[in-house]
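Inspection log for the structure reproduced underneath, given as structure tokens.
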Amino acid sequence: MLKIIDKITKEHVFEDLESKDKESLFRALSEKIAPVASASADTIFDAFKKREDEYTTNIGNGVAVPHGRIQGYGKTDIFVGFLKDEINYDSDSDEKSPVKLVFAILSDLDNPQDYLLNLSQIFFLVNQKEILDKVMDTKSYDELSSVLDSFKKLDEKFEAEKQIKFLIELERAEIQIKAYELYSSTHSQQKSDVVLEEYKKYKDTILSKIDVAVLENYKRIKENKGEALAKIENYKCSACNVAIPKMTVNEVRRQNQIIMCFHCGRILFTTD
């Protein structure tokens with residue numbers, strides 16, 4: 001069951017948030033959240049800011065997921081904020097990073113598993129283009145609620161699809177861990193160590209969600225091939241460049257089961 005749906009209540013949805021940049025957005029969000037949460041606006045703001053200082057929470061497609069963990073918070077809450085005007089979320093970056101919608105997460109410092117599960121489900125939602133487009137067009141809780149009701153129908157798809165999603169996230173986490181380990185070996189910075197620890201915890205959480213047989217198969221392929229996953233691009237396996245039959249591509253898109261390339265044996269996935 002997708003827990004995030006039931007966590008998004010009317011009092012957790014904020015319309016027409018006014019902000020000019022990321023910091024003013026965090027301040028506006030914190031002040032809106034405080035009356036319905038078990039923490040002060042300053043505590044919430046500091047939690048968002050602390051996490052954001054480590055790495056941006058902009059996940060693309062006009063969506064950001066600011067999140068913070070607070071000692072003794074005792075639960076995991078999700079809040080939705082519709083911005084009155086689009087902002088450049090990472091104004092200190094050379095690239096423009098527009099954001100118009102935020103999913104904010106507050107959780108207990110001592111319960112990272114629940115927080116990461118909710119985060120992964122938000123990532124899943126954002127990756128469902130037909131749902132995200134409708135969410136981005138909503139302006140109120142009632143409109144959002146109607147869209148989320150249709151999202152409930154994706155439960156079965158989520159259960160079937162999540163193994164592939166988790167494998168992809170596992171590879172991303174491993175890449176980030178290696179990058180930060182290399183960085184930490186040549187730089188003495190506490191910030192990189194904090195981010196490294198978070199990625200390691202994230203990897204452990206992902207590993208706990210992957211079916212044992214699927215994980216063993218993934219590790220076996222990775223050991224033999226170097227890379228276990230292969231994206232289908234233009235009806236070809238990106239790893240071995242062999243053409244994949246249209247019927248197989250359609251089966252991979254449905255993601256009802258894990259399908260491997262008949263030529264190189266890697267696990268196939270698509271992003272369309």
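For this structure, a couple of remarks:
- Selection within the range 2-29 - part of a helix (DSSP H, G or I) and within 12 Å of Ser140 (Cα to Cα): Lys10, Glu11, His12
- Among the residues of the range 195-214, at least one is modelled with pLDDT of 85 or more, surrounded by 15 or more Cβ atoms within 10 Å (Cβ to Cβ), hydrophobic (A, V, I, L, M, F, W, C) and not in a strand (DSSP E or B).
- Inspection of the range 34-41 identifies at least one residue that is closer than 25 Å to Asp149 by Cα and open to solvent by less than 40 Å² (accessible area, probe 1.4 Å).
- Entirely in the range 48-154, the strands (runs of 3 or more DSSP E) that have 2 or more residues that are at pLDDT 90 or above and loosely packed, with under 13 Cβ neighbours inside 10 Å: 77-88
- Filtered by the rule that a residue be out of contact with any strand residue (DSSP E or B) (no Cβ under 7 Å at 6 or more places or on another chain), assigned to a loop (DSSP other than H, G, I, E, B) and either in contact (Cβ under 8 Å) with a residue 12 or more places away in the chain or farther than 23 Å from Arg172 by Cα (or both), the range 235-270 gives Cys240, Pro245, Gln255, Asn256, Gln257, Phe262, Gly265.
The values are calculated or read from the model by the stated rules, or taken from the named source; none is laboratory data. These figures come from a predicted structure and were not determined experimentally. In this analysis, Cβ positions are derived from the backbone assuming ideal geometry, glycine residues included, and neighbour counts consider all displayed protein chains. Heavy atoms of the whole protein, side chains included, go into the accessibility calculation; ligands, DNA and RNA do not. Shrake-Rupley method; radii C 1.70, N 1.55, O 1.52, S 1.80 Å.
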